[in-house]
Amino acid sequence: TDIINAGKYKNIITAKIYASDGETDTTNNYNISYQEGKILNKQQKVRVVILGILMFIGGLLETVSASLMIPLITAVMDGNLFQNNRYARMFCEFFDINSNQTFVVAILLGLMGMYLLKNSFLLFQIYVQNRFISNNKFATKSQMLELYLSRPYSDFLNLSTAQISRAVQGNVDGA
C-alpha cells in the first residue's frame, strides 16, 4: 500500500486512503504540506551526520582490517620477512621478536585484535543506527496520527478504523 508519497522538490506528503476493494478512494485524498527541510528536525539532522561519520569510520576499519591480511600472508610465505623488510625489522626490534614463528604469531594476534575492535565498533554502529530508525518511526507514526486526529470529523464518515490504522502504520513501517 503506497499511501504516502514524498514530493521530490516540494516536500509534500500525500496520504491516500484505499477503499476496501484495494482501489484508491479518490474522495479521501489528504495533502499534508511541510515547509522545505522540516521533515527532520535539527536534532535528527545532527544524528544523521553522526551516523554518517560512524559509517565512514566503520568503512576505514573494514579497509584496515582487510589490508592487514597482506603482511600475514607475506610473513607465512617468506620465512625471512622479519629480517629483510625494514618495517618488519623495526616491528621485531620494538617488540623483541627473534624468530619468524613469533613474528607470525604477533601478526595473528594483531589481526585478531583489529577484527575484535572493528566488529565491536560495527556492533555499536548498528545499535545507534537501529535506535535512530526506531525512534524516527515512532515519531513519524505519532505525527501522522496527530495529523489524522486533527482532521474534521466529516472526513472520517466514510472510512473504517482499519483504513485509518493502515494509513498511519503501514506507511511508516513500509518505508
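Bear in mind that the values in this text are calculations on the coordinates, not laboratory data. Given the structure is predicted, the values throughout are model-derived calculations rather than measurements. Note that each Cβ is placed from the backbone with ideal geometry, even for glycine, and that neighbours are counted across all protein chains shown.
The figures follow:
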| item | result |
| --- | --- |
| Column: log10 I(q)/I(0), Debye, Cα scatterers of segment 124-171, q = 0.21, 0.22, 0.26 Å⁻¹ | -0.74, -0.78, -0.94 |
| Over segment 86-162, volume per residue of the alpha carbon convex hull, in Å³ | 137 |
| Net length gained if the chain between I57 and Q143 were fully extended (0.36 nm per residue, minus Cα distance) | 27.7 nm |
| Estimated inter-spin distance, I50 and N130, nm [label 7 Å along Cα→Cβ] | 1.8 |
| Stretchable slack from T74 to N119, in nm (0.36 nm times residue separation minus alpha-carbon distance) | 13.8 nm |
| Debye log10 I(q)/I(0) for segment 63-124, one point scatterer per Cα, at q = 0.14, 0.17, 0.27, 0.28 Å⁻¹ | -0.41, -0.57, -1.13, -1.18 |
| Karplus-derived HN-Hα couplings along segment 71-81 (A = 6.51, B = -1.76, C = 1.60, θ = phi - 60°), whole Hz, x at Gly and Pro | x, 5, 5, 5, 5, 6, 6, 10, x, 10, 4 |
| For segment 142-153, Karplus couplings with θ = phi - 60° (6.51, -1.76, 1.60), whole Hz, Gly/Pro x | 5, 5, 5, 5, 4, 5, 5, 5, 7, 6, x, 4 |
